[in-house]
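The values are calculated or read from the model by the stated rules, or taken from the named source; none is laboratory data. In this text, all values refer to a predicted model and were calculated from it rather than measured experimentally. Neighbour counts run over all protein chains shown; Cβ positions are idealised from the backbone, glycine included.
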Ligand SMILES: Cc1ncc(COP(=O)(O)O)c(C=O)c1O
């Protein structure tokens, strides 16, 4: 970033910093030096997207006055931010916010639990449900019957099986977005689709605007591709996309890509309305940013009275701005590893060519199984099962949390698979660590943010129900008590977070 493109005033910055400090901080938090608190506060505002990247900060003297601190404190805070890559300055031009190249990775990955651990640990790490039988067995049997003609070919279909491409295109057309098979590439899950898009559009050091919070594994994928993540804060609760913020970020940071989950966002569960969709597409179009819309959760509307808005690609049917990513993982089963991209034919051609040097293609049998489901109506029956299961799990989990952890705060979403929970001032990282010891695996908030944001959150999925959900909440409450009392041994991270 050569220069600043917007400004945050001293009163506005002081107000943002004060509202952070009013968040609860539990017992036992030690006070860092004043300059450090100020630097951490500004860093967090950038990481949560509340202060945009490339925004000019007030002069030291002005901010000192607004915060009633010494100018030396502000100067030391700015210097710390410069060293950490969150601030750039030029004599005569002032100082503006930045994100460090390749924001650091979270401390620990969220690898699947080894099968031997599953008996004793309740795994809330992954937002994916078991296969909706009998549909998996039926789909595989159907696929086996259709396999023989393919067995006589070399089996490499880098764009996907023609039959599945045509079927997926037909489904978009039926949703009101005319689509040709040439606009579809079948991928290895939505992860494979997003990986291919990152490689095609966003080389090392390129900026990608992301919701803050966003889906942890995609953020990690983008970091590993060398992208600079530019966070855009989600509104509180289920408010979702703040279009003034999006317009500002897209205009100021001019990212090559923006990645959004507009349909039951992971982790908040928010659903973008039509106005937000239209405005997002317009903002991306005028900034020259490619908008990648991940529809992985789209079929998981759990409350039937929620009308589904027009798909985001419906606001750009030719695909000049919007690229859609889809997946069978949440609607059907993550073990299929089937996803897809819908884009303009020339984008699909480029993705297909690049695939020769990546995974070459997606397994034929699984593609046939998904095609069997889509062509027989089995898909709709399986999705109905999924929705019923997720709805029941959500309702049990929420009731158990209300009982066990009444001061944890969340908005219950109408769809998706996750609850984004503010943990009453306790550190989400410490709850995750202690949770491992008391037999509940839970991802901490910072995984879903860009470098350190959301320390006061955890994400809970709708993947367990009945007595297991009750037991999960009881174990989380036990972990919270240990963290709050400071009795849990080990671990470096603070038991409370200080914003
Ligand atoms: C928003 C989102 N995108 C992508 C994925 C991963 O999808 P897939 O299993 O199709 O790679 C998930 C899984 O939780 C998700 O929530």
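Of the residues 361, 456, which is assigned by TED's automatic domain parsing to the domain that holds residue 233 and surrounded by 20 or more Cβ atoms within 10 Å (Cβ to Cβ)? Among 361, 456, only 361 is assigned by TED's automatic domain parsing to the domain that holds residue 233 and surrounded by 20 or more Cβ atoms within 10 Å (Cβ to Cβ). For residue 59, the conditions (1) surrounded by fewer than 19 Cβ atoms within 10 Å (Cβ to Cβ); (2) modelled with pLDDT of 90 or more; (3) over 30 Å from residue 247 (Cα atoms); (4) touching a strand residue (DSSP E or B) at 6+ places or on another chain (Cβ under 8 Å) all hold with the exception of (3).
Considering each residue of segment 448-483, count those that are modelled with pLDDT of 90 or more and either under 25 Å from residue 208 (Cα atoms) or part of a helix (DSSP H, G or I) (or both), and give that number.
22
A residue that is in contact (Cβ under 8 Å) with a residue 12 or more places away in the chain, within 16 Å of the ligand (Cβ to nearest atom), in the same structural domain as residue 160 (by TED's automatic domain parsing) and surrounded by fewer than 17 Cβ atoms within 10 Å (Cβ to Cβ) cannot be found anywhere in segment 320-334. Name the single residue that is farthest from residue 413 (Cα to Cα) among those in segment 317-330 being modelled with pLDDT of 95 or more and assigned to a loop (DSSP other than H, G, I, E, B). Restricting to residues being modelled with pLDDT of 95 or more and assigned to a loop (DSSP other than H, G, I, E, B), the top hit is 321.
Each residue in segment 182-198 was checked for being crowded, with 23+ Cβ neighbours inside 10 Å and within 11 Å of the ligand (Cβ to nearest atom), and 5 pass.
Looking at segment 77-195, the strands (runs of 3 or more DSSP E) lying wholly inside it that each contain 3 or more residues that are at pLDDT 95 or above and within 30 Å of residue 255 (Cα to Cα) sit at 184-188. You will find that of 204, 165, 171, the residue that is more than 16 Å from the ligand (Cβ to nearest atom) and touching a strand residue (DSSP E or B) at 6+ places or on another chain (Cβ under 6 Å) is 165 and no other. Of all residues in segment 274-311, those being over 17 Å from residue 259 (Cβ atoms) and either within 18 Å of the chain's Cα centre (by Cα) or within 16 Å of the ligand (Cβ to nearest atom) (or both) number 4. All of (1) modelled with pLDDT of 95 or more; (2) in contact with a helix residue (DSSP H, G or I) (Cβ under 6 Å, 6 or more places away or on another chain); (3) farther than 15 Å from residue 125 by Cβ; (4) away from the ligand (no atom under 16 Å from the Cβ) hold for residue 411 with one exception: (2). Does segment 338-346 include one or more residues that are over 23 Å from the mean Cα position of the chain (by Cα), closer than 20 Å to residue 128 by Cβ, away from the ligand (no atom under 16 Å from the Cβ) and part of a helix (DSSP H, G or I)? Checked segment 338-346: no residue is over 23 Å from the mean Cα position of the chain (by Cα), closer than 20 Å to residue 128 by Cβ, away from the ligand (no atom under 16 Å from the Cβ) and part of a helix (DSSP H, G or I).
Of the strands (runs of 3 or more DSSP E) contained entirely in segment 208-302, those carrying at least 2 residues that are more than 24 Å from residue 347 (Cα to Cα) fall at 228-235.
When residue 216 is tested against (1) touching a strand residue (DSSP E or B) at 6+ places or on another chain (Cβ under 7 Å); (2) touching a residue at least 60 places away in the same chain (Cβ under 8 Å); (3) within 16 Å of the ligand (Cβ to nearest atom), exactly one condition is not met: (1). Looking at (1) more than 12 Å from the ligand (Cβ to nearest atom); (2) within 19 Å of residue 262 (Cα to Cα); (3) crowded, with 23+ Cβ neighbours inside 10 Å, which is the only condition residue 210 fails? Answer for residue 210: the failing condition is (1).
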